[in-house]
Amino acid sequence: MRLWLCFATLAATALAQDRYTDLVNGVAQKYLAARKITVANIKTPAQAKQRAAEVRALILKQIGGLPTYRGPLKPVITKTTDRGTYVVENLHFESLPGYIVTANLYRPKTNGKHPAVLYSIGHWDDGKIAGQRIGANLAAKGFVVLAYDPVGQGERLQAYDARFGRSLIGGSTEQHFVVGAQALMAGESVARYFIHDSMRGIDYLQSRPEVDPARIGASGCSGGGTQTMYVAALDDRIKVAAPSCVMNSFEMVESGPTGDSEQSFPGFVSSGLDQADWVTQFAPKPWLISSTQDDFFTPAGAKIVVDQAKDLYRVFDRESLVKWVVGPGGHGTPLMVREAIYDWMIRWLNDGKGDAKELDLPLLSVGELCAFEGCQAPGRGLSEIIAESWKARRKKGDVKSMITLGAAPTGLTEVKWLGPETRDELIVMVNDGIAAERRAESLARLGARIKLVKLPGVSPFGGRYSGGWIDHTRAWLVGLNLPSMRANDLLHEVRAELDKYTKVHLHAWAWGGIPALYAAHAEPRIARVWLERMPYSIELAMGAVIHRNLHEAIVPGIALAGDFEDFIDKRFFIVDAHDWNENRIEKALPGVYRRPFEQSDAELLAAFRKY
């Protein structure tokens with residue numbers, strides 16, 4: 001029976017998520033349809049360049065601009081390995097002061113200036129080793145290649161614990177979500193730091209005597225393909241681009257393989273942008289798009305981007321400078337794709353001189369490619385850097401106005417009534433999981449009338465720390481934010497009952513307290529607001545290397561303007577405030593009721609009514 005109930009609950013949750021996804025995807029498709037009309041009207045090179053400038057300005061605004069630091073790289077080569085026709089160097093440099101990037105440089109042994117390729121790595125936990133086969137082959141063909149670890153991968157793990165030899169957060173994407181959530185609260189995108197690392201990688205390549213600074217290309221797969229799109233569009237030093245297994249229109253991606261924090265900017269789609277706009281900024285330089293037949297970034301989605309890119313390049317009479325190759329298999333760079341990349345780089349960076357056929361070269365192990373003993377870089381973590389940026393920019397503002405209320409309800413709430421009929425007192429309770437349901441049932445047994453409300457976007461997916469990130473990401477891509485949508489729906493459910501009861505209260509548990517907090521300030525007729533085990537403040541998360549479910553609070557930029565305390569008034573009954581890792585804060589806090597361990601729900605309910 002319990003197993004059947006578990007399956008039934010999962011099925012109901014999945015259905016609710018499908019309805020939510022359909023809602024935000026419908027919004028996205030309207031923006032994307034309008035964008036198609038806009039780009040179809042680009043008929044001249046001047047119009048194309050104007051579009052590129054506008055797009056660049058939009059993107060820089062969305063990510064919070066780029067770090068301006070261009071201080072000393074402080075490069076250190078820690079090991080050199082002779083591989084016959086080429087050499088591998090293990091090295092590190094500073095992207096920002098004390099913020100270390102670990103990398104491998106593959107260089108030919110021939111004299112003179114060589115073309116170079118910045119090779120960005122996708123979401124492979126081992127990091128830069130994923131670029132070894134391509135890096136080694138290009139070096140054997142006369143190129144200098146820098147393959148570097150993205151933050152959260154290889155030797156750049158966040159929240160690293162030497163006792164276990166791993167991050168306490170988990171894999172690469174989960175680490176990206178943790179810093180990504182903090183950045184969004186601070187009004188920026190974590191992508192700005194990824195892009196800055198790429199640009200500093202170009203700085204390093206240009207500092208090498210073996211490199212011709214006028215002949216630099218960029219490539220990478222998956223998340224590395226994302227970085228390739230970014231740096232090619234935003235750094236004019238890149239002359240040739242070859243992103244793999246990533247380019248897909250949001251016509252497919254909004255409801256499909258939505259990218260993580262550095263791949264999804266707030267307002268990207270609602271600003272009239274799609275992935276072809278990365279090519280817009282690079283045009284009319286050579287751009288190779290590669291896909292695979294069975295990838296979750298489908299060839300059908302890639303074709304939309306390819307067709308739009310070709311239309312744009314046709315304006316410059318340079319359609320041949322956009323090429324699309326589709327290889328066999330799933331997500332990755334199969335031989336057909338790798339040889340297409342070699343051919344593209346040889347053609348455009350080396351005057352077509354060279355053989356694109358891949359060589360069967362022996363490969364080094366992860367440990368042999370590490371820049372540091374123990375394979376973990378010292379120095380500052382990205383959470384610390386984001387916190388510094390936030391502290392420097394925060395300024396008290398009208399934080400309540402950042403919660404978007406007053407719209408029509410989504411129509412996605414689910415309501416369950418519990419307890420005896422009464423017209424005296426009603427408790428509207430947020431249902432965000434089993435703990436909240438058990439509390440509602442307990443209060444109903446004590447005679448309370450309960451309206452249990454499940455709000456939209458309760459995703460069954462997500463990691464231990466990131467939680468239901470995908471529903472939040474899909475909302476902010478189209479200019480919405482899920483906490484506001486939930487608060488607005490909750491207000492509708494509360495207001496529907498205000499004239500029916502003498503008193504209407506609001507009660508929420510843990511992260512379910514966030515939409516209740518965001519909603520209650522807008523309705524003074526709510527008698528009392530009972531929040532239990534909810535995170536105490538945004539500031540606690542901004543200073544934490546590890547935190548759980550911060551996405552539940554994300555309204556982009558809200559941490560710059562204020563904190564939870566700005567929403568609280570004398571109606572609030574706050575019980576057992578927690579930090580962002582579900583630990584009760586043991587020190588006494590003003591306005592927080594500490595529930596004694598032995599206190600029953602009946603006694604707690606009585607305390608609430610007397611508060």
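Within the stretch 152-255, the proportion of C-alpha pairs whose separation exceeds 17 Å stands at 64%.
Just to be sure I follow: if Rg is taken over the C-alpha atoms of the chain and Rh is the Kirkwood radius over the same atoms, what is Rg/Rh? Looking at the chain, the ratio lands at 1.02.
Using only Cα coordinates, the Kirkwood hydrodynamic radius of the stretch 379-519 works out to 16.9 Å. In the stretch 467-599, the DSSP beta bridges split such that about 10 percent are antiparallel, to the nearest 5.
Grab the alpha carbons of the stretch 8-98, take their convex hull, and tell me the volume per residue in Å³. Don't skip to the answer; put the middle values down first.
Details: hull volume 29.1 nm³, N = 91.
It is 319 Å³ per residue.
Cβ neighbours within 10 Å, averaged per peptide: list 164-173, 588-597 in order, most packed at the top. It would help to have the intermediate numbers written out before the result.
Working: 164-173: 18.0, 588-597: 11.2.
Top of the packing list down: 164-173, 588-597.
Given a 1.4 angstrom probe, what's the average accessible area per residue across the stretch 290-369, in square angstrom? Intermediate values should be presented prior to the final figure.
Numbers: 3900 Å² over 80 residues.
Using a 1.4 Å probe on heavy atoms only, each residue of the stretch 290-369 averages 49 Å².
Checking the cross-link filter: which lysines have an alpha carbon closer than 17 Å to that of LYS570, excluding same-chain neighbours under 8 positions apart? Correct list for LYS570: LYS400, LYS503, LYS610.
If Rh is defined by the Kirkwood formula over all Cα pairs and Rg also comes from Cα, what ratio Rg/Rh do you get for the stretch 501-611? Present the calculation step by step, with values, prior to reporting the outcome.
Numbers: Rg = 14.1 Å, Rh = 14.7 Å.
Rounded to two decimals, Rg/Rh equals 0.96.
Rg/Rh for the stretch 266-418 (Cα atoms only, Rh after Kirkwood) is 1.12.
Ignoring any ligand, DNA or RNA, what whole percent of the accessible area of the stretch 37-117 comes from carbon and sulfur when the probe is 1.4 angstrom? Reported share for carbon and sulfur atoms: 59 percent. Backbone phi angles across the stretch 565-575, fed through the Karplus curve with coefficients 6.51, -1.76 and 1.60 (θ = phi - 60°), yield HN-Hα couplings of 4, 6, 9, 8, 9, 5, 6, 7, 10, 9, 10 Hz in residue order; Gly and Pro are listed as x.
If the limit is 26 Å between Cα atoms, which of LYS141/LYS303; LYS451/LYS587; LYS74/LYS323; LYS239/LYS303; LYS79/LYS285 go over it? Checking Cα-Cα distances, LYS141/LYS303; LYS451/LYS587; LYS74/LYS323; LYS79/LYS285 exceed 26 Å.
With a 1.4 Å probe and all protein chains left in place, how much accessible area per residue does the stretch 26-108 have, in Å²?
Numbers: 4000 Å² over 83 residues.
That works out to 48 Å² for each residue.
Principal axis extents of the C-alpha atoms in the stretch 343-426 (largest first, rounded to whole Å): 83, 34, 30. Close amide H contacts of GLU425 (hydrogens built in the peptide plane, cut-off under 5 Å, sequence separation of 5 or more or a different chain): THR502, LYS503.
How many Å² of accessible area per residue for the stretch 497-611, probe 1.4 Å? Write down the numbers at each step before the final one.
On the way: 4740 Å² over 115 residues.
Heavy-atom accessible area per residue stands at 41 Å².
Pull out a ≥ b ≥ c, the square roots of the eigenvalues of the alpha-carbon gyration tensor of the stretch 82-212, then state rounded if a/c is under 1.5, prolate if not and a/b is larger than b/c, and oblate in the remaining case. Don't jump to the answer; show the numbers that get you there.
Values: a/c = 2.56, a/b = 1.78, b/c = 1.44.
Judged from the Cα gyration tensor, the stretch 82-212 comes out prolate (a/c at least 1.5, a/b above b/c).
In this Cβ point-charge picture (+1 for Lys and Arg, -1 for Asp and Glu), the stretch 393-504 has a dipole of about 560 debye about its Cα centre.
Placing +1 on each Lys and Arg Cβ and -1 on each Asp and Glu Cβ, with no other charges, gives the chain a dipole about its Cα centre of roughly 940 debye.
Here is how the number arises for the chain: DSSP H runs of 4 or more residues each give -39500 (n - 2.57), the sum is divided by the residue count, and the result at 222 nm is -11500 deg cm²/dmol.
Assign one of three labels to the stretch 187-235, namely rounded, prolate or oblate, based on the Cα gyration tensor with a ≥ b ≥ c the square roots of its eigenvalues; rounded applies when a/c is under 1.5, prolate when it is not and a/b is larger than b/c, and oblate otherwise. Prolate is the answer for the stretch 187-235, as a/c is 1.5 or above and a/b outweighs b/c.
DSSP bridge analysis restricted to the stretch 154-246 gives an antiparallel fraction near 25%, rounded to the nearest 5. Computed from Cα atoms, the angle from the helix 223-234 axis to the main principal axis of the chain rounds to 70 degrees.
The values are calculated or read from the model by the stated rules, or taken from the named source; none is laboratory data. This structure is a prediction, so every number in the text was calculated from the model and none was measured. Neighbour counts are summed over all protein chains in view; Cβ atoms, including those assigned to glycine, are modelled from backbone coordinates with ideal geometry. SASA here: full protein model, heavy atoms, side chains in, ligands and nucleic acids out. Shrake-Rupley method; radii C 1.70, N 1.55, O 1.52, S 1.80 Å.
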